[in-house]
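The values are calculated or read from the model by the stated rules, or taken from the named source; none is laboratory data. Small disclaimer: the values here were computed from a predicted structure and weren't measured. Note: ideal-geometry Cβ built from the backbone for every residue, glycine included; neighbour counts use all protein chains shown. Accessible surface is based on the protein model in full, side chains and every heavy atom, while ligands, DNA and RNA are left aside. Shrake-Rupley method; radii C 1.70, N 1.55, O 1.52, S 1.80 Å.
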Amino acid sequence: MSHFILNKNYTFKNFDEYLLAYQKNITHSKKYITSPIFYANSKPHIGHIYTGLVCDTWVKCNGIFNNEVEFVSGMDEHGQKVHQTAEKMKVSTKEYVDQMNANFIECFKNYDINYTKWIRTTSYEHKVALERVWRILEKNGYIYKSKYSGWYSISDENYLDFDKDYINTNPNIVWREEECYYFKLSAFEDKLREFYQNNKSIIYPNSRYNETIGLLDQGLKDFAISRPKERLSWGIEVDNDPSQVIYVWIDALSAYLSAIGYPDDKYKKLWPAIHVIGKDILKFHTIYWPALLMAIGLELPKQIIIHGWWLNGDQKISKSLNNAIDIGNLVESYGYDSFRYYLLSNMTLGEDGSFKETLFEQNIETVLSNKFGNLFSRLIGIAKRHSLELLKFNKALLNSKFIEELSRLRENILIYSENLSKLNLYIQSFNDGLEFLNVYVNDNKIWELTGEQLNNELYSLFYVFKHLALFYYPLLPNACSKILDYFDTKSKYEDALKFKNIIIKENVLLFPRLSISKNEKI
Ligand code: MSP
């Protein structure tokens with residue numbers, strides 16, 4: 001293993017030194033990660049779930065090492081579109097956002113996405129924070145009032161860059177002339193360029209870094225950060241000017257601060273954040289947000305991880321295209337863990353992925369049912385056939401192959417827990433771990449062994465399996481919890497580390513046996 005660098009003051013030579021530091025909690029301050037906050041105009045679909053899972057898996061992974069993480073998610077509830085949808089449904093806007101909020105909360109609960117704070121932009125705490133952000137921007141001289149005239153997209157709630165002679169056939173795009181407040185974004189072009197030149201690894205992946213630099217190269221124009229109240233009635237009014245309502249993106253981005261108590265000093269313990277977002281909202285997070293943060297005098301984000309889109313065919317899955325995949329039945333048949341595994345392992349972080357039901361089934365069958373679930377049953381079966389009720393531990397037990405495999409697993413999980421962008425390395429390591437165990441059992445014909453040799457080999461296999469369950473609890477929380485329970489182990493590293501005798505209990509079904517259930521259906 002190369003050196004682990006926790007921060008510039010701490011470098012560790014090996015895993016144990018590193019672990020000790022973790023456990024004593026001497027090097028880590030609490031980490032802070034955010035998912036985007038979700039528009040209250042759509043039910044959750046796999047795109048939203050994926051964003052949540054990317055955060056949650058990393059948070060759970062840190063939890064194994066007692067590393068505290070604040071994980072913020074929530075709802076983006078303002079905007080004219082939200083108001084109009086509620087009107088169409090003949091319910092009050094408040095009732096409507098409450099329902100959408102409940103939908104997301106339920107969905108995240110089902111997928112075991114354990115945010116530590118759920119922020120809603122309609123909450124009082126958020127209003128207080130947003131008003132403070134606005135006041136500081138104003139005080140620092142970055143806000144001015146001016147007249148806007150140009151094209152405006154109702155669906156994106158955004159002014160557009162078309163010239164006046166543009167021929168419009170889209171009813172969503174309208175001509176607007178109105179007074180509003182502007183943010184001096186142009187003042188930050190050079191500062192942002194300098195920042196990104198010195199902090200290249202802040203944006204992941206590199207292609208999105210280049211995209212950001214491309215946006216800077218096009219030049220930054222000031223942009224409107226309020227709308228006349230008659231056009232945006234569902235939002236937070238500008239302090240001292242109730243004729244204006246704060247632009248939804250300023251409102252939404254400020255949730256990353258309101259969620260951790262801003263303007264109360266307690267936010268300082270957590271700021272700056274690691275943001276996880278989809279590629280469609282890059283500009284808001286890599287240009288607008290850092291500029292706003294500079295303008296209010298706060299540190300810029302620690303990292304901005306930008307993932308791709310889940311596609312249906314070659315189209316982004318989205319509410320406006322009405323092409324969400326109905327996953328209800330799939331989840332019912334295969335369980336949340338299977339879905340979680342599929343979404344995380346079938347998209348390279350940063351790239352797009354296409355959802356394919358056949359691939360999903362194949363993936364669950366080969367990896368989760370056969371290599372993972374069946375292997376566990378097989379090992380228990382072998383022990384039972386030899387009437388072993390207890391596997392005894394003796395210290396010289398693990399041979400060099402097991403030790404090597406364990407250190408590979410440990411190394412990869414630690415790399416990932418330090419850097420979320422290593423998600424795919426982490427998942428690959430799981431697949432490799434399963435391969436190792438399956439090949440080992442077959443090559444060494446474990447079922448033919450007897451006596452002490454069988455005890456030792458089975459013990460070692462279970463010991464590695466236990467580590468696999470611990471390290472991949474973040475990826476497969478339900479199944480791995482069952483395995484950890486089997487071993488009387490908690491999802492904490494120091495607990496799994498202990499060598500104890502293993503009691504052979506009844507087999508545990510981890511994943512549906514697909515070929516059997518399919519035959520049964522026939
Ligand atoms: N409300 C804004 C975010 C404000 S953050 C200060 C928003 N909301 S959203 O509900 O439309 O999207 C939330 C997240 O889901 C975004 O990161 C978006 O990229 C992601 N996804 C929405 N559809 C997606 C796919 N089809 N695939 C993957 N993720 C996509 O944007």
Handout entry: FRET efficiency, 1/(1 + (r/R0)^6) with R0 22 Å, evaluated for Ser387 and Gln453 via beta carbons
Key = 0.90
Handout entry: Relative contact order %, the stretch 218-357, counting alpha carbon pairs below 8 Å whose residues are six or more apart
Key = 17
Handout entry: trypsin sites (Lys or Arg not before Pro) lying in DSSP loop within the stretch 405-492, provided at most 10 other Cβ fall within 10 Å
Key = Lys445
Problem - Fraction of antiparallel bridges per DSSP, the stretch 216-370 only, in percent to nearest 5 - result: 50
Exercise for the section: Measure nothing fancy, just the Cα-based angle from helix 15-24's long axis to the longest principal axis of the chain, in degrees from 0 to 90, nearest 10. Expected result: 60
Handout entry: Descending semi-axes in whole angstrom, ellipsoid equivalent of the stretch 216-322, from the Cα gyration tensor
Key = 25, 22, 15
Fill in the blank from the handout: Nearest 10, in degrees from 0 to 90: the angle of helix 93-110 to the longest Cα principal axis of the chain is 20
Problem - Cα convex hull of the chain, projected area averaged across orientations, nm² - result: 27.6
Completion exercise
Taking Cα atoms only, helix 46-64 is inclined relative to the longest principal axis of the chain by an angle, in degrees rounded to 10, of 60
Fill in the blank from the handout: Net charge near Thr122 (other residues with Cβ under 11 Å of its Cβ; Lys, Arg +1; Asp, Glu -1) is -2
Handout entry: Charged-residue dipole, Cβ positions (Lys, Arg, Asp, Glu), the chain about Cα centre, Debye nearest 20
Key = 1000
Handout entry: Per residue convex hull volume, Cα atoms of the stretch 223-276, in Å³
Key = 107
Practice task
Return the percentage of antiparallel bridges among DSSP beta bridges fully within the chain, rounded to the nearest 5 %.
Solution key: 55
Problem - MRE, 222 nm, helices only [DSSP H, n ≥ 4, -39500 (n - 2.57), over the chain, to nearest 500] - result: -13500 deg cm²/dmol
Completion exercise
So for R0 = 22 Å, FRET eff. of Lys266-Arg135 from the Cβ-Cβ r, to 0.05, ends up at 0.70
Exercise for the section: Two decimals is fine: what's Rg over Rh for the stretch 100-244, C-alpha atoms, Kirkwood radius as Rh? Expected result: 1.01
Practice task
Just the number, please: Stokes-Einstein D of the stretch 435-518 in µm²/s, Kirkwood Rh from C-alpha pairs, 10 °C, 1.306 mPa s.
Solution key: 113
Practice task
Scan the chain and hand back the longest stretch that contains none of the GluC sites (Glu not before Pro) lying in DSSP loops with at most 16 other Cβ atoms within 10 Å.
Solution key: 69-229
Practice task
Give the value in nm², to one decimal: projected area of the alpha carbon convex hull of the stretch 86-170, averaged over all directions.
Solution key: 9.8
Fill in the blank from the handout: Expressed in nanometres to one decimal, the distance between label points 7 Å along Cα→Cβ at Tyr166 and Asn438 is 5.3
Completion exercise
Quick calc of log₁₀ I(q)/I(0), the stretch 345-436, Debye, one scatterer on every Cα, no solvent, q values 0.23 1/Å, result -1.23
Problem - Carbon plus sulfur fraction of accessible area for the chain, probe 1.4 Å, in percent - result: 48
Exercise for the section: Please identify every one of the trypsin sites (Lys or Arg not before Pro) in the stretch 296-347 that sits in a loop by DSSP and has no more than 16 other beta carbons within 10 Å of its own beta carbon. Expected result: Lys302, Lys319
